[in-house]
Amino acid sequence: MANGAKRFFKIFSKNMKELTAAAPYQVNGLRVICVHCQYDKFDHGYAQLNTALLSFLNLDFANRSANILTCDRCGYVHWFNKDIKKVRT
């Protein structure tokens, strides 16, 4: 049983690294390329788009979010208000 558990955790950690690794993305069918260094691999994240009224009312959670892609080479942050898609290579 110990061998099976060891194998499971090895495969699990490999898959987690692949899921969280920098990858190419598309927006509206177009490949995203960094405007600063022309690299094509990014880390994906989200950023909240705060508004003055909802922040004043302490309702920041109700604001919309944007997709952000951070270039894995230079760190330039690209903001998108549309859905993005990870490209499988």
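A few points about this structure:
- The heavy atoms of Asp40 present about 40 square angstrom of accessible area, all protein chains included, probe 1.4 Å.
- Computed lengthening from Ala66 to Ile33, 0.36 nm per intervening residue step minus Cα-Cα distance: 10.1 nm
- Annotation: Leu30 carries an accessible surface of approximately 120 Å², with a 1.4 Å probe and no ligand, DNA or RNA atoms counted.
- Note on Tyr76: accessible area is roughly 100 Å² with a 1.4 Å probe, heavy atoms of protein only.
The values are calculated or read from the model by the stated rules, or taken from the named source; none is laboratory data. In this text the structure is predicted, and so the values were computed from the model without any measurement. Protein only, heavy atoms only, side chains kept; ligands, DNA and RNA dropped before computing areas. Shrake-Rupley method; radii C 1.70, N 1.55, O 1.52, S 1.80 Å.
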